[in-house]
Amino acid sequence: MKVGVLALQGDVREHIRSLGDCGVDAFAVRTATQINSVDALVIPGGESTTISKLARAFDVFDVIAERISQGMPVYGSCAGMILIANQVLDAIDGQESFRGLDVVVRRNAFGRQVDSFETDLSFNGITEPAVRAVFIRAPWVESVGEGVEVLAEVDGHPVAVRQNQLFATSFHPELTGDNRVHRYFIDVVCKQSLKAGVN
Ligand code: GLN
């Protein structure tokens, strides 16, 4: 399986390493041809406003949105969660998302950069021990549509969600050296949806 990491801005290398550790062929993608050549895509953390503007500037915005609507498995982390959400609160004027995931997400919901934190999460689908999660100016999920599964929460706010082939976390598992969240994406989300022929 070929997995692309959208390489317009954000912590691309860390995701490539985590995915590589899961035994898949992972590489940076930033052109339409590259994006069309992968079976699944990771959209990393960074700054959602910048990533969406760069996706327009590099002329890949519509390609990504189209592949998502056709059923490509996607994992969006932090800014990536914002970028695949159907609705974004506290967005900047004109901020665009690729859409697909039926959730309302609130940007910077946990506060500013100084309010960044780490915590241990119980994650439905990942067995013990708890997942150490790093939150950096993170969004949370304000509400979910039908068919969206909440996998982890902080103080009652969903921070990991899945809707069929679309998966998102508010936090950054690529920073901890624990690859279980990437493994969940590859072994559960991608394998189930690719087997079901969604893509
Ligand atoms: N606050 C950022 C945004 O709105 C996300 C931060 C992150 O990805 N670590 O895009």
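Values in this text are rule-based calculations from the coordinates and carry no lab data. Nothing here was measured: the structure is a model prediction, and the numbers come from that model. Positions of Cβ are backbone-derived with ideal geometry, glycine not excepted, and every protein chain shown enters the neighbour counts.
Quick check on ILE68: is it touching a Lys or Arg at 6+ places or on another chain (Cβ under 9 Å), within 28 Å of GLY147 (Cβ to Cβ) and touching a residue at least 24 places away in the same chain (Cβ under 8 Å)?
Here the answer is yes, as ILE68 does meet what is asked.
Just a yes or no: is a residue in region 161-180 in contact with a Phe, Trp or Tyr (Cβ under 6 Å, 6 or more places away or on another chain) and among the hydrophobic types (A, V, I, L, M, F, W, C)?
Restricting attention to region 161-180, the residues satisfying the condition of being in contact with a Phe, Trp or Tyr (Cβ under 6 Å, 6 or more places away or on another chain) are 167, 170-171.
When the remaining residues are screened for being among the hydrophobic types (A, V, I, L, M, F, W, C), the result is 167, 171.
Yes, because at least one residue in region 161-180 is in contact with a Phe, Trp or Tyr (Cβ under 6 Å, 6 or more places away or on another chain) and among the hydrophobic types (A, V, I, L, M, F, W, C).
Considering region 1-37 alone, what residues qualify as being touching a Ser or Thr at 6+ places or on another chain (Cβ under 9 Å), surrounded by fewer than 21 Cβ atoms within 10 Å (Cβ to Cβ) and part of a strand (DSSP E or B)?
LYS2
Filter region 1-20 down to the residues that are among the β-branched types (Val, Ile, Thr) and over 18 Å from SER193 (Cα atoms), then identify the one that is farthest from the ligand (Cβ to nearest atom).
Within region 1-20, the match that is farthest from the ligand (Cβ to nearest atom) is ILE16.
How many residues does region 50-92 hold that are of a type in the set (A, V, I, L, M) and surrounded by fewer than 17 Cβ atoms within 10 Å (Cβ to Cβ)?
So the count comes out to 3.
Do we find a residue being within 16 Å of the ligand (Cβ to nearest atom), out of contact with any Leu (no Cβ under 9 Å at 6 or more places or on another chain), closer than 27 Å to ASP187 by Cα and of a type outside the set (Ser, Thr, Tyr) anywhere in region 21-33?
no
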